[in-house]
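The values are calculated or read from the model by the stated rules, or taken from the named source; none is laboratory data. Not measured: the values here are computed from a predicted model. Positions of Cβ are generated from backbone atoms using ideal geometry, with glycine treated the same way; all protein chains shown enter the neighbour counts. Keep in mind that these areas ignore ligands, DNA and RNA; they rest on the heavy atoms of the full protein, side chains included. Shrake-Rupley method; radii C 1.70, N 1.55, O 1.52, S 1.80 Å.
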Amino acid sequence: QVQLVESGGGLVQPGGSLRLSCAASISIFRINAAGWFRQAPGKQRELVAGITSGGSTNYADSVKGRFTISVDNAKSTVYLQMNSLNPEDTAVYYCNGRIVPTPWDNERDYWGQGTQVTVSS
(Lines give C-alpha, C1' and ligand atoms only; values in the text may rest on other atoms or scores of the structure.)
Protein backbone atom coordinates (compact mmCIF):
# COMPACT_ATOMS: atom_id res chain seq x y z
CA GLN A 1 0.00 0.00 0.00
CA VAL A 2 1.44 3.33 -1.06
CA GLN A 3 1.68 6.09 1.52
CA LEU A 4 3.05 9.58 1.02
CA VAL A 5 5.31 10.66 3.88
CA GLU A 6 6.00 14.36 4.26
CA SER A 7 8.89 16.01 6.06
CA GLY A 8 10.69 19.32 6.30
CA GLY A 9 8.13 21.52 7.98
CA GLY A 10 8.89 23.63 11.02
CA LEU A 11 9.28 27.12 12.40
CA VAL A 12 11.17 29.67 10.33
CA GLN A 13 11.67 33.41 10.55
CA PRO A 14 10.25 35.75 7.91
CA GLY A 15 12.55 35.81 4.90
CA GLY A 16 13.79 32.31 5.61
CA SER A 17 13.61 29.11 3.58
CA LEU A 18 12.38 25.57 3.99
CA ARG A 19 12.32 22.53 1.73
CA LEU A 20 9.43 20.14 2.07
CA SER A 21 9.75 16.54 0.92
CA CYS A 22 7.05 14.03 0.08
CA ALA A 23 8.28 10.48 -0.37
CA ALA A 24 6.37 7.40 -1.42
CA SER A 25 6.67 4.66 1.21
CA ILE A 26 7.41 1.98 -1.40
CA SER A 27 8.87 1.91 -4.88
CA ILE A 28 6.28 2.98 -7.43
CA PHE A 29 5.96 2.70 -11.18
CA ARG A 30 5.13 6.28 -12.16
CA ILE A 31 4.06 9.66 -10.81
CA ASN A 32 1.68 11.16 -13.37
CA ALA A 33 1.29 14.44 -11.52
CA ALA A 34 1.91 15.86 -8.07
CA GLY A 35 1.03 18.94 -6.11
CA TRP A 36 1.43 20.75 -2.85
CA PHE A 37 -1.60 22.21 -1.12
CA ARG A 38 -1.90 24.20 2.06
CA GLN A 39 -4.59 24.99 4.57
CA ALA A 40 -4.38 27.82 7.04
CA PRO A 41 -6.68 28.00 10.10
CA GLY A 42 -10.17 29.04 9.08
CA LYS A 43 -9.37 28.88 5.38
CA GLN A 44 -10.01 26.40 2.60
CA ARG A 45 -7.28 24.14 1.30
CA GLU A 46 -5.60 25.75 -1.70
CA LEU A 47 -3.25 24.57 -4.41
CA VAL A 48 0.23 26.01 -3.96
CA ALA A 49 2.15 24.29 -6.76
CA GLY A 50 1.68 21.47 -9.23
CA ILE A 51 3.85 19.49 -11.61
CA THR A 52 3.14 16.97 -14.35
CA SER A 53 5.16 13.98 -15.52
CA GLY A 54 6.26 16.11 -18.47
CA GLY A 55 7.72 18.70 -16.14
CA SER A 56 5.10 21.41 -16.59
CA THR A 57 4.57 23.42 -13.44
CA ASN A 58 1.98 25.85 -12.14
CA TYR A 59 1.95 28.01 -9.04
CA ALA A 60 -0.46 30.06 -7.02
CA ASP A 61 0.07 33.76 -7.68
CA SER A 62 0.99 34.29 -4.04
CA VAL A 63 4.05 32.02 -4.28
CA LYS A 64 5.30 32.62 -7.82
CA GLY A 65 8.97 33.44 -7.85
CA ARG A 66 9.43 32.18 -4.28
CA PHE A 67 8.44 28.49 -4.35
CA THR A 68 9.71 25.73 -6.64
CA ILE A 69 8.21 22.29 -7.05
CA SER A 70 10.27 19.38 -8.37
CA VAL A 71 10.17 15.60 -8.65
CA ASP A 72 12.91 13.01 -8.28
CA ASN A 73 11.39 9.99 -10.00
CA ALA A 74 14.27 7.71 -9.00
CA LYS A 75 13.49 8.42 -5.35
CA SER A 76 9.71 8.69 -5.86
CA THR A 77 9.90 11.99 -4.01
CA VAL A 78 8.33 15.39 -4.61
CA TYR A 79 9.91 18.54 -3.21
CA LEU A 80 8.75 22.07 -2.50
CA GLN A 81 11.52 24.60 -2.07
CA MET A 82 10.13 27.64 -0.28
CA ASN A 83 12.12 30.87 -0.17
CA SER A 84 11.40 34.36 1.13
CA LEU A 85 8.78 32.99 3.47
CA ASN A 86 6.35 35.38 5.12
CA PRO A 87 3.75 34.93 7.88
CA GLU A 88 0.99 34.51 5.29
CA ASP A 89 2.65 31.25 4.25
CA THR A 90 1.88 29.73 7.66
CA ALA A 91 -0.29 26.66 7.13
CA VAL A 92 -0.39 22.89 7.12
CA TYR A 93 1.10 21.74 3.82
CA TYR A 94 -0.16 18.58 2.13
CA CYS A 95 1.31 16.74 -0.82
CA ASN A 96 -0.85 15.00 -3.38
CA GLY A 97 0.17 12.48 -5.98
CA ARG A 98 -1.61 10.95 -8.95
CA ILE A 99 0.33 7.73 -8.95
CA VAL A 100 0.41 4.46 -10.88
CA PRO A 101 1.77 2.06 -8.24
CA THR A 102 2.66 -0.82 -10.61
CA PRO A 103 2.45 -1.29 -14.40
CA TRP A 104 -0.73 -3.30 -13.82
CA ASP A 105 -2.53 -0.61 -11.82
CA ASN A 106 -4.69 2.32 -12.82
CA GLU A 107 -3.81 5.80 -11.62
CA ARG A 108 -4.76 6.45 -8.00
CA ASP A 109 -4.90 9.61 -5.94
CA TYR A 110 -2.84 9.78 -2.74
CA TRP A 111 -2.44 12.40 0.02
CA GLY A 112 0.23 12.95 2.61
CA GLN A 113 -0.57 13.46 6.28
CA GLY A 114 0.37 17.13 6.29
CA THR A 115 3.30 19.04 7.75
CA GLN A 116 3.09 22.30 9.67
CA VAL A 117 4.93 25.35 8.40
CA THR A 118 5.02 28.35 10.72
CA VAL A 119 6.60 31.63 9.69
CA SER A 120 7.11 33.89 12.68
CA SER A 121 9.71 36.05 14.34
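Per-structure values
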item: Surface share of carbon and sulfur [accessible, 1.4 angstrom probe, percent] for the chain; result: 47
item: Ser53 accessible area, assembled protein chains, probe 1.4 Å, Å²; result: 90
item: Heavy-atom accessible area ranking, 1.4 Å probe, most first, across Ser121, Ser84; result: Ser121, Ser84
item: 1.4 Å probe accessible area per residue over the chain, in Å²; result: 54
item: Local net charge near Gln116, Cβ-Cβ under 13 Å (Lys/Arg +1, Asp/Glu -1); result: -1
item: Ranked order, Phe67, Phe37 - accessible area, probe 1.4 Å, largest first; result: Phe37, Phe67
item: Value of Rg/Rh across region 1-61 [Cα atoms, Kirkwood radius]; result: 1.00
item: Distance-filtered residues of region 23-55 - backbone nitrogen under 17 Å, label point 7 angstrom along Thr118 Cα→Cβ; result: 39-42
item: Calculated diffusion of the chain, Stokes-Einstein form, Kirkwood radius summed over Cα pairs, 25 °C and 0.890 mPa s, µm²/s; result: 170
